[in-house]
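No value in this document is a laboratory result; all are computed from the given coordinates. Everything quoted here is computed from the prediction, not taken from an experiment. Note that we place each Cβ from the backbone using ideal geometry, even for glycine, and neighbour counts take in every protein chain shown.
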Amino acid sequence: MILGDTEESFRKTSRLINHIRCQQDSGTPYRTLHDQTQKEGAELVEHLKQKADYINRNNFTAEGVCLNPEISRGGEPVSLPMDEIRKALSEVSTEYNPIELLNNPVIYEEPEETINISIDDVTPKRQKDRRESPKVKNHERKYVHDTICHIGFKDQKYVLTGDCAKTCLWLLSAFLLHNSLFGKRLQIFTDGHRGLNAAILKYFRWYKNMQVILDWFHLCKKFKEELSMAMKGRVLRNAALEEIMPLLWHGLTNKAISYLENIPASKIKNAKRIQKLIAYLERNKPYIPNYDMRKRLGLRNSSNIGEKMNDLVVSNRQKKNGMCWAKHGSLNLATITTLKINSEYQNWFRNRDVEFRLVA
């Protein structure tokens, strides 16, 4: 399961183990391997759910409301010393107002007191309920949604997976409580998806020392795509990007909004796309930091490690050509894959338990 099913298809893994055992004709059928792996994954998913329920009991409601007054609310965030911030500020281009650069809703947190969390959805193709007739042409694509959460603290990590954001956040709160991490800064990196951000903010609304940060890569991607459809031609689109992306890189969201509002109508092909970008910036203003300053201070700007976990846990195995998955089938295999990443598989297969602790 660990060296085979999580890397290659069930058919290839079955062929490999039968070849090793010299049982090509009478060996383990790939369907048997598939069924046993799914059974193992289902047991692991249920075990993690029961573990989270046990840890969270009397501490949190299903909506994430904290019931235990002894759990730390986080208090005031600990930021880097002002001398370091001023030094980084002195290296920034002089064309920007230093007061505006410092007037950003995202603080420069102390890394030693910060837990970096990346949460994202990954969507392999969903298996159809029944085989359709070749005469029926249905091009609608349906997907299975898995949510992956990477937790990093200093040089340690852990990866969680769930069938939706709510399940993943329930596991996350149990993990933080089990590892005595509440009280530290929670820095949560997302791709800006409205539903995911809303779920996180609702779930941790009781926790004071928490900040959502919009990933820089997805911010760039959003503007490139929307301006391509908004501007009249590639030249105008690139010119707009050259003006607006430095503003966003320095966290000057208000100036970026002002620039969008003042683009001449003669250059715009689709004004609705411009309004969509303005609404996007207004909605995500609290989550857009000064990326330039954060980079100079050695702080994280990206959820790239979360994207990598998406690849390792789901995409590399489940998003190959011709593959499609049932909802529980995708989650069960992804959960087994997290055993390998978290170095938990020996304990699980021998003792039917997981440590649920940060690992190096």
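Per-structure values
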| read-out | value |
| --- | --- |
| Extension gain (nm, one decimal) between residue 238 and residue 224, 0.36 nm per residue minus Cα-Cα | 4.2 nm |
| Of 216, 277, 254, farthest towards positive along the dipole that unit charges on Lys, Arg, Asp, Glu beta carbons give the chain | 277 |
| Residue-span extension gain [residue 206 to residue 63] - 0.36 nm each, minus C-alpha spacing | 50.4 nm |
| Only Lys, Arg (+1) and Asp, Glu (-1) charged, at Cβ; segment 90-131 dipole about Cα centre in debye | 1000 |
| Charge dipole (debye, nearest 20) of segment 216-301; +1 at Cβ of Lys and Arg, -1 at Cβ of Asp and Glu | 240 |
| FRET E, pair residue 254, residue 43, Förster distance 56 Å, beta-carbon r, rounded to 0.05 | 0.60 |
| Charge dipole (the chain, unit charges on Cβ, about Cα centre) - positive-most of 159, 32, 94 | 32 |
| Segment residue 142-residue 269, length gained on full extension (0.36 nm per residue, minus Cα span) | 42.6 nm |
| Distance from segment 83-126 to segment 287-360 (C-alpha centre basis), Å | 23 |
| Net charge contributed by nearby residues that have their C-beta within less than 14 Å of residue 41 (K/R +1, D/E -1) | -2 |
| For the chain, calculated [θ]222 nm from helices alone, where every DSSP H run of n ≥ 4 adds -39500 (n - 2.57) | -14000 deg cm²/dmol |
| Inter-centroid distance (Cα atoms) of segment 267-282 relative to segment 1-36, Å | 52 |
| Sequence of 143, 207, 287 once ranked by neighbouring C-beta atoms within 10 Å, starting from the fewest | 143, 207, 287 |
| Given charges at beta-carbon only (K, R positive; D, E negative), |dipole| of the chain in Debye | 1600 |
| Peptide ranges 144-153, 310-319, 13-22 listed from the most packed, as the mean C-beta count within 10 angstrom indicates | 144-153, 310-319, 13-22 |
| Inter-label distance for residue 70 and residue 193, nm, one decimal - labels placed 7 Å from Cα along Cα-to-Cβ | 3.6 |
| Over segment 216-301 - Rg/Rh using Cα atoms and the Kirkwood inverse-distance radius | 0.98 |
| Kirkwood Rh in Å, taken over all unlike Cα pairs in the chain | 22.9 |
| Computed over the chain: relative contact order in percent, which uses C-alpha pairs under 8 Å that are six or more apart | 26 |
